[in-house]
Amino acid sequence: MNEIEKYEFDRLGYIVIPGFLTSQEIERLASAVDAAEEDALAQADRPPDKISAYGLRYRHNAENGYFVSGAREEGNTLVIEEFFNIDPAFDILVGHGKTMAYISEIVKERPTINNSEIRIRYPGNQTGSHMGGPVSWKHQYAYSGRGIDCMMVRMVYFVHDVGAGQGEFCVVPATHKSNLASPYEGRDPDKEPGMIGLPAKAGDAILFTENLRHGGLTNRSRQTRKTLHVGYGPYWMKSQNHSTMDEEPYILPRTFARYTNEQRLLFRSHQTLLAGSVNDD
């Protein structure tokens, strides 16, 4: 993270990082996302296995180790959580060197992965505005003698172009420093004053603090928008996926067995480290 990026992240609450993924990474991830979508859609007729703390209804695929909500239909979105279990192709994002170079600059305590989502937004879908101003302690942004000091942050990876009108990720810049909650009624990001869309190319990434007010503009195109989201925070923070909120990360034994000790630490909280060695298989 260079000095300009630090300045802009502190000033705005986000940065867009062009050409973050290699062409090989884009190809592998895009193919794995497409396969995960089809596998998740095969669960669509099953009743929900779990209701999240936010009232979202999830279906649990125990064999492939993920939770899914939503459906493939106009105006809807499909969210696949704990996607690392699905395909070893996603392992490139576990301890991804370029990613960790950014995360280590802004999460001062040992960072771990606490959120993993494939977000598939079909035509007509939008993601409502949320966060900004005073937020939960889990999402706070601070600047201290150690520099930028974040709780939860998120990296969004783009596996295809998302241009104007295609459901861009959107933000109200600098609201991570606001002392007041948004006074505007409703959560429609298309109508919220100050909200801007952030077009991205395949291979780009967007890094932002969860304290920032953000959402997703309406996808007015016929293109289905697919992105990968990985969240980070201090090691003692449990899962922040809605399906497994404040539980240990849901990592299957066979998934964990693929990882190096360094990668395993990204899914180990203080409690699990006390319970057993990181060398356990």
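The values are calculated or read from the model by the stated rules, or taken from the named source; none is laboratory data. The model shown is predicted, which means the values in this text are computed figures rather than measured ones. Heads up, the Cβs are rebuilt from the backbone with ideal geometry, glycines too, and the neighbour counts pull from every protein chain shown. The accessibility values were calculated without ligands, DNA or RNA, using every heavy atom of the protein model including side chains. Shrake-Rupley method; radii C 1.70, N 1.55, O 1.52, S 1.80 Å.
Some points to look at:
- Enumeration of residues in the stretch 249-277 that are open to solvent by 30 Å² or more (accessible area, probe 1.4 Å), hydroxyl-bearing (S, T, Y) and at pLDDT 90 or above: Y250, T260
- Look at the stretch 167-193: where a residue is at pLDDT 95 or above and a partner is loosely packed, with under 15 Cβ neighbours inside 10 Å and of a type in the set (V, I, T), sitting 6+ places away or on another chain with Cβ atoms under 9 Å, you get E168/I196; C170/I196; V171/I196; V172/I196; P173/I196.
- Within this structure, P199 passes the test of being of a type outside the set (G, A, S), open to solvent by 10 Å² or more (accessible area, probe 1.4 Å) and at pLDDT 95 or above.
- Hits in the stretch 169-193 - residues which are within 20 Å of E8 (Cα to Cα) and touching a strand residue (DSSP E or B) at 6+ places or on another chain (Cβ under 9 Å): F169, C170, V171, V172, P173, T175, H176, K177
- Exactly one residue among L180, L228, L198, L217 is of a type in the set (A, V, I, L, M) and more than 26 Å from R72 (Cα to Cα), and that residue is L180.
- Looking only at residues of the stretch 230-247 that are crowded, with 19+ Cβ neighbours inside 10 Å and of a type outside the set (S, T, Y), we find that the one that is nearest to E27 (Cα to Cα) is V230.
- Hey, K226 over 23 Å from A53 (Cβ atoms), open to solvent by 50 Å² or more (accessible area, probe 1.4 Å) and among the basic types (K, R) or not: no
- Any hit, the stretch 94-115, residues being open to solvent by less than 40 Å² (accessible area, probe 1.4 Å) and either at pLDDT below 95 or farther than 16 Å from M155 by Cα (or both): no
- When residues of the stretch 133-181 are limited to those that are in contact with a Phe, Trp or Tyr (Cβ under 9 Å, 6 or more places away or on another chain) and among the basic types (K, R), the one most open to solvent (accessible area, probe 1.4 Å): K177
- Within the stretch 205-212, at least one residue is among the aliphatic types (A, V, I, L, M) and either open to solvent by 20 Å² or more (accessible area, probe 1.4 Å) or part of a loop (DSSP other than H, G, I, E, B) (or both).
- Screening Y157, Y143 for residues that are within 25 Å of G70 (Cβ to Cβ) and assigned to a strand (DSSP E or B) leaves exactly one candidate, Y157.
- Output for the stretch 58-81, where each listed residue is of a type outside the set (A, V, I, L, M), in contact with an Asp or Glu (Cβ under 9 Å, 6 or more places away or on another chain) and over 15 Å from T224 (Cβ atoms): Y58, R59, H60, N61, N64, G65, Y66, F67, S69, E81
- Pair list, Cβ under 9 Å, 6 or more apart: the stretch 123-139 residue on the phi > 0 side of the Ramachandran plot and touching a residue at least 40 places away in the same chain (Cβ under 8 Å), other residue small (G, A, S) and surrounded by fewer than 16 Cβ atoms within 10 Å (Cβ to Cβ): G124/G75; G132/A181; G133/A181
- The stretch 1-25 residues that are at pLDDT below 95, paired with ones that are crowded, with 18+ Cβ neighbours inside 10 Å and aromatic (F, W, Y) (beta carbon under 6 Å, 6 or more apart): M1/Y102
- Residues located in the stretch 182-191, provided they are over 22 Å from Q140 (Cα atoms) and surrounded by 13 or more Cβ atoms within 10 Å (Cβ to Cβ): D188, D190
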